[in-house]
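*Asks:* First the structure, then my questions, so here it is.
The values are calculated or read from the model by the stated rules, or taken from the named source; none is laboratory data. What you are looking at is a predicted structure, and each value in this text was computed from that prediction instead of being measured. Cβ placement follows ideal geometry from the backbone for every residue including glycine, while neighbour counts extend to all protein chains displayed.
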Amino acid sequence: MTKLFATPSPREQRWITRFLARETVGGILLLIAVVAALIAANTDLRTGYQSFLDFHFGVAALNLSVAEWASEGLLAIFFLVAGLELRREFTYGSLQTLRTALLPISAAAIGMIVPALIFVALAGAENRSSWAIPTATDLAFCLTLLAVAGRGIPSPLRAFLLTLAIADDLGAIIIIALFYSAAVTWIALAIAIVALALYGILQHTGKCPAWLGVPLALIAWYAMYRSGIHATVAGVAIGLLTNPHAPEDKPSNVENLESFFQPLSVGIALPVFAFTAIGISFNAHSLSSLSSDPLSRAIMIARVVGKPLGIVGGAWLIARYTQAELNPGISWGDITAVGLLAGIGFSVALLVSQISLPQATYDSAASALLFGAIISALLATIALLRRGRHHRLRTTSTQ
């Protein structure tokens, strides 16, 4: 009988350990960036901070502001890493077979659908087009909190959270591509598709030197940006098209690119994007309006309540209707703790807010995401500490 949250293979556990260590450091840097942005936006530094965000550089059509470069350029690195992680999972990890992929993909899908439905029900007709804001999970923050408060949590749950967040990223990029693209320039999109196809063919043949692969990737990114589809879509496409196989014991192209770009993603791309996106000014009115503003209220309830409800509900449905059994060392209390943890969301949620909302309401959405993340983090910390203590006592009693 299928086991839900099965223990990862030794190879998978080694990769998860390395990945978690990098993402945990990235989460700390992300937190520092958020705090720095809030200080800059709410002190005498606000004028200089805004000037920094509005500063333009580049050439011709790529003469963008710092904030635009962070959103369109640096965030593409984050999605490139997400694409590489997905490619590796599809080949060697929890997504390589339907049986093992069913749980995290179902939990991720229902964990996106439920908060979206709650948002639509509560946000008001004028904001319903922004339904995707509360759907995505922030992996770096989640893993950082898990490292701090989740000692003693079984390794299968850590693997589940990682796979869940990766599947969540895939869902987010599909949503952005399908629902939040401007009017499409078809010639530019065709150029992007051709560049991606050539990159994929070269990767498949095993002959894709950097001097050829890098220009193709840059052409695909630029053409995707010019097409009206968010440029981050090119990042995840490049990751998915990279060759995950390697001869003998040599690292694959996926592993090589992941080793190079993941530190850039967690150390530079995400912190810089957070610094440019979360710098919102608070005052007594804005704080008091969090509970009365339909948009803010919808985001916080959808994230804090809807996200864990969808994830736990999705896992329960799989257990109920596939007759699968839980791993003996895991309980529904553990799954609930992970669900609460997944309520933390910044990076992709801020990106969707930028794309779908007018500037006049963006600050309200960003404030709601910030306070929703704080509430989710507090609830998850309590749950993780309780479950970690339970598992430590259980281990002690069996020795």
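*Asks:* If Ala125 satisfies every condition in (1) in contact with a His (Cβ under 6 Å, 6 or more places away or on another chain); (2) under 27 Å from Ala298 (Cα atoms) but one, which is the exception?
*Replies:* For Ala125, the failing item is (1).
*Asks:* Here is a further query. Of all residues in the stretch 329-363, which are at pLDDT 85 or above, more than 20 Å from the chain's Cα centre (by Cα) and crowded, with 18+ Cβ neighbours inside 10 Å?
*Replies:* Matches in the stretch 329-363: Asp334 only.
*Asks:* Scan (1) among the hydroxyl-bearing types (Ser, Thr, Tyr); (2) closer than 22 Å to Ala33 by Cβ; (3) not in a helix (DSSP H, G or I) for the single condition Thr144 breaks and write down its number.
*Replies:* (3)
*Asks:* Still on this model: What are the pairs with Cβ atoms under 9 angstrom where one residue, in the stretch 33-61, is without any contact (Cβ under 8 Å) to a residue 12 or more places away in the chain and the other, located anywhere, is of a type in the set (D, E, K, R) and not in a helix (DSSP H, G or I)? Sequence gap at least six, or different chains.
*Replies:* Sorted first by the residue in the stretch 33-61, then by its partner, the list stays empty.
*Asks:* Look at the stretch 340-380 and say how many of its residues are of a type in the set (Gly, Ala, Ser), within 20 Å of Leu309 (Cα to Cα) and in a helix (DSSP H, G or I).
*Replies:* Of the residues in the stretch 340-380, 7 are of a type in the set (Gly, Ala, Ser), within 20 Å of Leu309 (Cα to Cα) and in a helix (DSSP H, G or I).
*Asks:* Sticking with this one: Which members of the stretch 67-99 meet the condition of being in a helix (DSSP H, G or I), surrounded by fewer than 19 Cβ atoms within 10 Å (Cβ to Cβ) and either in contact with a Pro (Cβ under 8 Å, 6 or more places away or on another chain) or not charged (D, E, K, R) (or both)?
*Replies:* Listed by number, the residues that qualify are Phe90, Thr91, Leu98.
For (1) surrounded by 17 or more Cβ atoms within 10 Å (Cβ to Cβ); (2) closer than 25 Å to Gly239 by Cα; (3) within 20 Å of the chain's Cα centre (by Cα); (4) not acidic (Asp, Glu), each residue gets a yes or a no:
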{"site": "Gly111", "(1), (2), (3), (4)": "yes, yes, yes, yes"}
{"site": "Leu122", "(1), (2), (3), (4)": "yes, no, no, yes"}
{"site": "Thr135", "(1), (2), (3), (4)": "yes, yes, yes, yes"}
{"site": "Pro154", "(1), (2), (3), (4)": "yes, no, no, yes"}
{"site": "Leu161", "(1), (2), (3), (4)": "yes, yes, yes, yes"}
{"site": "Ala165", "(1), (2), (3), (4)": "yes, yes, yes, yes"}
{"site": "Leu170", "(1), (2), (3), (4)": "yes, yes, yes, yes"}
{"site": "Ala182", "(1), (2), (3), (4)": "no, yes, no, yes"}
{"site": "Leu189", "(1), (2), (3), (4)": "yes, yes, no, yes"}
